[in-house]
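**Student:** Structure below; questions to follow.
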Amino acid sequence: MSDWTVICRVDDIPVLGARRVARPRGVDVAVFRNGEDQVFALLDRCPHKGGPLSQGIVFGTSVACPLHNQTIGLDDGCAKAPDEGCTPTFACRVEDGNVLLDAGELATRALDLAAPRAGPTASRGAVGDATFEVQAPHGE
Amino acid sequence: MKKMKLVMIGNGMAGVRTIEELLKIAPELYDITVFGAEPHPNYNRILLSPVLAGEQTLDEIVLNSWEWYEQNRIRLHAGRKVVEIDRVRRVVRADDGTEEPYDRLLLCTGSNPFILPVPGKDLQGVIAYRDIADTNTMIEAATKYRKAVVIGGGLLGLEAANGLMKRGMDVSVVHVMPWLMERQLDDVAGKLLQKSLEERGLKFLIGAQTQELVGGDDGRVTGIRFKDGTQVDADLVVMAVGIRPNTELAEKARLHCNRGIVVNDTMQTVTDARIYSVGECAAHRGIAYGLVAPLFEQAKVAANHLAQFGIGRYTGSLTSTKLKVTGIDLFSAGEFMGGEGTEQIVMSDPFGGVYKKLVIKDDKLVGACLYGDTVDGSYYFKLLREGRKIGDIRDRLMFGESNLGDAGHQGQNRAAAMADADEVCGCNGVSKGAICKAIKEKGLFTLDDVRKHTKASASCGSCTGLVEQIIMFTAGGDYSAAPKKKAVCGCTDHGHQAVRDAIRANRLLTIPDTMRFLEWRTPNGCATCRPALNYYLISTWPKEARDDPQSRYINERSHANIQKDGTYSVIPRMWGGETTADELRRIADVVDKYRIPTVKVTGGQRIDLLGVKKEDLSNVWKDIGMPSGHAYAKALRTVKTCVGSEWCRFGTQDSTQMGKDLERALWRMYAPHKVKLAVSGCPRNCAESGIKDVGVIGVDSGWELYVGGNGGIKTEAGQFFCKVRTSAEVLEYSGAFLQLYREEGWYLERTVHYLQRVGLDHVKARILDDHEGRQALWERLQFSLDGEPDPWFEQREALVDTRQFSKLDAAAQEA
C-alpha cells in the first residue's frame, strides 16, 4: 500500500532544477522538475562517486552529476553508457500541482547507502558529523 | 502505420554505418533491405592489408555479422548485384531477377579498382586489390608461386607488396611516377620510403611504363614487358593503380554523375531527392573521399535526413594519410607539396631516416609531410584544421608541440612510447591498452567513437591530443579527424564560433531563442552546451540578455565551490591579497560558529573555508561580510601580488596597490574560463606573474605586461605583450585584453588556448596598434561590469535562487 505524502508544490522546484527532501534517516531524496514540468525523484547520490545529483544541470530527462559530469537518467536513475551504475528511484506523482512521494519509501528505501565523506574526519577517522556515518542496511 | 521501405545498394562500410546511425535515431521508420554484390556480411575493408600480411584473419575483420542483420530485421541479399533502378516505379532489380520496391534508396556502390588497359590484362593471375576475393587469391597464390609484381607504388600497392612479401613471395613494385606515393609524399620522403622498403626486401622499378602482360600456354601470366623493351617475370600481377567511383548503376538510372554520383550537403543525389548516396561512389563538392572518417561523417548526415530530422549538413573533410606497413612512419596532410605563394620549413636527416616538411601560406600551416618521425602528425593536423596563425610559434614549429613550453600532461609525444597499462585518461581511468583494444575490436575510427565506447577524453579533454594520436596509429591511415569544425556538443552541428556569430548577428537574447534559431537537436540542450550558450548571451549582450542560473554549473549557481562530499568551500575576496585583523576575526568566528572543518590558504593568496554545508552558505557569507571571491566561477578569481616597493628592498613599483586597483576594476567579470592575474614589483617575480592570464611585472621605468600564461593542466609561460609607463595604462591594456578574450574566446577556452587559436599578432593589432579600439574595449568592459551585483550580498539582483539552500521536509508539509 502506498502512503502518498505531499512534499511541495511543483512550482517550488525551479524549472530544470531540483530540491532536496530531508529524511529522518539516510541520504536526502532529490526531486527534479524538467523542461516539460515532469517531476522525478531519485536518491541524491550519484552511483559513481556519490555526488549530490540535486546540484547538477538538468536537461531532457537527464541530470549531469556536478562532480564528474556523469549523466543519469531521471526516469530510471541509471547512468548513460558508457558509464554504469544506477541510483535508487523513488515513486513520485503530481496531483493538483502538488508533488507527492511515498512516505513508506521515504522511511525505508536505500537507507544502506551513505553520502561520501571528505576532509579531516574522512581521512583521519575521527568522529565526524553524524550524517556522514554509514548506516546499517535496512530491509525493505 | 505502414513502414516506409529503404533499399540500400552496396553492403560496404559507409552504407552500413548509415544504417547503424539510422537505427540509433529512428529504429522503427523503415523496412530495410540491403543488396551486396559480395557473398559476405559487412567487413572492414581497411583491414584487408593486415589479413594479407597474415596479421589478422578474415573472421576478425567482420564488422556486422549475419546475426546483426537478423536482429535488426534487415533483409540482406548477399551475393546479389543490383542491375537496374527503375526510378519511375521506384523498384530495384538484381541480377537474379529479385525485385524490391523503395521509398528511399541509398546508393553505396563504392569504387572499382582501375585496370590498366594493356594487352594481357585478362590473363589468369592478374588481379586488382579491392575485396576479400582478391585477398584470398593473393594468399593462395603465395602458397604456389614465387614471383609477384605489383603495379602501382601508391598506398594500396605498397600494402599489397608488403603483404605478399610477408607471405614469402619475391615482390617487385612497378611505379610509373618518379617517386613512391606521389599523391601523399614529396620526392625526398618518397625516396626515403623506397630505401627503407628496399632494406626490407622489396624491389622497385621506378618510372617503368607497362606495355603488356605476357602469358604462357596455360593462359596464366608469366611476365611484364615495359615500353623500353625490358621485361620481368611474374606469376602474379596485382594492379593497384587507383580506384574509380562505381557509378555504372547510377548512370544507367540517369542520375547526374561527375567523378562520382553528385550529391549535395544532405547527401541526396542532385537528380532525385529520394535517392541518397554516401561513400566512395559519391562526389560531394567535387570530391570523392576514399578514407573512412569522412565517409562516416557522411553516413551520419544521411541518416539524420533519412530519419526525417532534416538537420545536419556535410560540408567536407580534411584528410591525412599514414601507411599501414608496420614499422614505417610517414604522415602527410594538406598541401604538402608546397608551390606558389607558400613557404617551407624543412628538416632533413637522410642518414637518420628522418625528414619533415611544413608548408606555410599566409602565416598558416597548410601542409605537412613527415617521414621517420611522425609523433607530431596529429598536432600539425590540428593546426591545419584550425587554420590558426602560427607566426608566434614559427621558430619552434618544426620541433613539435612538446617544445612549445612545458608539455605537462598533454603529452602529444608520449603516445607511441606508452605501455599498454599506462593511463591515458586520468579522469576516467582509461589505459592505452583499453583504447587500442576498443579501436581494434569495435572498429572505431573517430574521436567521438572512442569517447562513447571507452570514455577516454570525454571529461576534461586534456588527453584529447593523446587519444587522437593513439587512434591515428592504431586505426592507421584511415583516421582523419573529420569534420573540419568541432561541434559544441552532440546537441548541434554548430561550432563555438558559429554560435557566437549567430548570437551577435541575429540579436539573440535567450537560450531557447538561440536553440530554435540554430535548430538545436535537443529540447533544452545538455550540461555542455547550456553553460556555453548562457555565457555567450550575457557576454555579447550585457544588461540585455538575462542570466539563466539553471544553465550554470553548481559552483556558479550557489556561489561556492562544490567539494567531493557535496559540501562547499567559501573564499572571501581579499583585494590584492591584503586583509585586516577585523576580517580575520570575522573569518575565525565563522569557522567556529559553523563548525567548518578546514581553513586553508589558496595558491591565489586567499583564505579558503572548506566543508561548509549548503544550508549554511547564505549565513556564512552574511557573517563573513566580505565580498564574493568568485573563486568558484569562470570569472576573475584573484590578483596575486608581492609586497612591492612599499616593503621590499628590491621592489621597484607598488605592486600591492596595482593589484588592488586591478582587482577592484575587474572583479565580478565573467569570462570563458577562470581568469587569474598577478602583479610583481620587480623582475624577481615573487607573485609568479609569468604563469597568469595577465601577468604584470614592475620595472624601473614602468610595467611589463605578459599574457596567456597558465599554471593549469598544461603549464605555459605568458608571452610578453607590451610595456607601459603608468598604472592607468596597466588597467586599460589589461582590461582591453581581457575584454577581447571575453568577446572572442570560446567557452572553457583559457587565454593561452585563445591566443593559440587567434595568434598573438591579432591581439596586438587590436590593442597595441588600434588606440581607439583599445579604449572601446576597455569601455565595453566597464559598461558590462558597472552595477554587476555581488552574488553574496545582492542575491536578488544576482538572480540567486535561495530556495536551493533549504531542504524540503515531508513531515512539515503534513502538519
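**Student:** Helix-derived [θ] at 222 nm for chain B: sum -39500 (n - 2.57) over DSSP H runs of at least 4, divide by residue count, nearest 500?
**Tutor:** Taking each H run of at least 4 residues, the total per residue is -9000 deg cm²/dmol.
**Student:** Treating only the Cβ atoms of Lys and Arg (+1) and Asp and Glu (-1) as charged, compute the dipole magnitude of the protein assembly as shown about its Cα centre; round to the nearest 20 debye. Spell out each step's value before the answer.
**Tutor:** On the way: 119 positive and 126 negative charges, 86 e Å.
Approximately 420 debye in magnitude.
**Student:** How do B:S196, B:S806 stack up against each other in accessible area, from largest to smallest, with a 1.4 angstrom probe?
**Tutor:** B:S806, B:S196
**Student:** Separate question: Roughly what angle does helix B:581-593 make with the longest principal axis of chain B, taking Cα atoms, 0 to 90 degrees, to the nearest 10?
**Tutor:** In chain B, helix B:581-593 runs at an angle near 70 degrees to the longest axis.
**Student:** Further question: Where the centroid of each part is defined by its Cα atoms, how far is region B:511-563 from region B:727-747 in Å?
**Tutor:** 22
**Student:** Could I ask something else about it? Not counting ligands, DNA or RNA, and with a 1.4 Å probe, what is B:K144's accessible surface area in Å² rounded to the nearest 10?
**Tutor:** Here the residue's solvent-accessible area equals roughly 140 Å².
**Student:** How much accessible area per residue does chain B have, counting only protein heavy atoms and a probe of 1.4 Å, in square angstrom? Don't skip to the end; give the middle numbers.
**Tutor:** On the way: 34050 Å² over 815 residues.
Here the per-residue accessible area is 42 Å².
**Student:** Where in region B:87-181 are there GluC sites (Glu not before Pro) that are in a DSSP coil and have at most 14 other Cβ atoms within 10 angstrom of their Cβ?
**Tutor:** Hits after loop and neighbour filter: nothing returned.
**Student:** What is the average number of partner chain Cβ atoms found within 10 Å of a Cβ in B:526-532?
**Tutor:** Partner Cβ neighbours, averaged per residue: 4.
**Student:** Here's another thing I want to ask about it. By a straight-distance test (C-alpha under 12 Å), which aspartates and glutamates pair with B:K614 as possible cross-link partners, with residues fewer than eight away in the same chain excluded?
**Tutor:** Cross-link targets: B:D565.
**Student:** May I pose another question? Taking a probe of 1.4 Å and counting only protein heavy atoms, give the total accessible area buried between chains B and A in Å², rounded to the nearest 100.
**Tutor:** Interface between B and A: roughly 3100 Å².
**Student:** On to the next question. Which chymotrypsin sites (Phe, Trp or Tyr not before Pro) in region B:287-388 sit in a loop by DSSP (not H, G, I, E or B) and have at most 16 other Cβ atoms within 10 Å of their own Cβ? Intermediate results must be reported in sequence, preceding the final value.
**Tutor:** Numbers: sites: B:Y289, B:F296, B:F309, B:Y314, B:F331, B:F336, B:F351, B:Y355, B:Y371, B:Y379, B:Y380, B:F381; in loops: B:Y289, B:F309, B:Y314, B:F336, B:F351.
Qualifying residues, ordered by number: B:F309, B:F351.
**Student:** Further question on the same structure: Among residues other than B:G168 whose Cβ falls under 12 Å from its Cβ, what is the net charge (Lys/Arg +1, Asp/Glu -1)?
**Tutor:** Local net charge: +4.
**Student:** Also: Taking a cut-off of 21 Å between Cα atoms, list the lysines near B:K191, but don't count ones fewer than 8 places away on the same chain.
**Tutor:** B:K203, B:K322, B:K324, B:K356, B:K357
**Student:** Also, I was wondering about something else. Using 27 Å as the Cα-Cα cut-off, could you pick out the over-long pairs in B:K300/B:K455; B:K613/B:K660; B:K361/B:K455; A:K80/B:K564; B:K440/B:K486?
**Tutor:** B:K613/B:K660; B:K361/B:K455
**Student:** Now for a different question. I'd like the distance between the alpha-carbon centres of region B:53-128 and region B:296-365, rounded to an integer number of Å.
**Tutor:** So the separation of the two Cα centres works out to 29 Å.
**Student:** By accessible area of protein heavy atoms, probe 1.4 Å, what ranking do B:M4, B:M337 get, highest first?
**Tutor:** B:M337, B:M4
**Student:** How much of B:M398 can a 1.4 Å solvent probe reach, expressed as accessible area in Å² and rounded to 10?
**Tutor:** B:M398 has an accessible surface of roughly 20 Å² with all protein chains in place.
**Student:** Among the GluC sites (Glu not before Pro) within region B:1-80, which fall in a DSSP loop and have no more than 14 other Cβ atoms within 10 Å of their own Cβ?
**Tutor:** Sites meeting the loop and neighbour criteria: B:E28, B:E55.
**Student:** Another question, if that's okay. State whether region B:496-552 is rounded, prolate or oblate according to the following rule on the C-alpha gyration tensor (a ≥ b ≥ c being the square roots of its eigenvalues): a/c under 1.5 gives rounded; otherwise a/b larger than b/c gives prolate, and the remaining case gives oblate.
**Tutor:** oblate
**Student:** For the Cα atoms of chain B, what angle does the longest principal axis make with the long axis of helix B:432-442, in degrees from 0 to 90, nearest 10?
**Tutor:** For helix B:432-442, the angle is close to 40 degrees.
**Student:** How much accessible area does B:D548 have with a 1.4 Å probe, in Å² rounded to the nearest 10?
**Tutor:** Here the residue's solvent-accessible area equals roughly 50 Å².
**Student:** Could you check how much of the accessible area of region B:126-241 is carbon and sulfur, as a whole percent, using a 1.4 Å probe?
**Tutor:** Accessible surface attributable to carbon and sulfur in region B:126-241 totals 47 percent.
**Student:** Moving on to the next point. What's the angle, to the nearest 10 degrees (0 to 90), between helix B:292-306's Cα axis and the longest principal axis of chain B?
**Tutor:** Helix B:292-306 and the main axis of chain B meet at about 80 degrees.
The values are calculated or read from the model by the stated rules, or taken from the named source; none is laboratory data. Computed from a prediction, not measured in an experiment: that's the story for all the values here. For neighbour counting, all protein chains shown are included, and Cβ atoms are generated from backbone atoms with ideal geometry for every residue, glycine included. Calculation scope for accessible area: heavy atoms of the full protein, side chains included, ligands and nucleic acids excluded. Shrake-Rupley method; radii C 1.70, N 1.55, O 1.52, S 1.80 Å.
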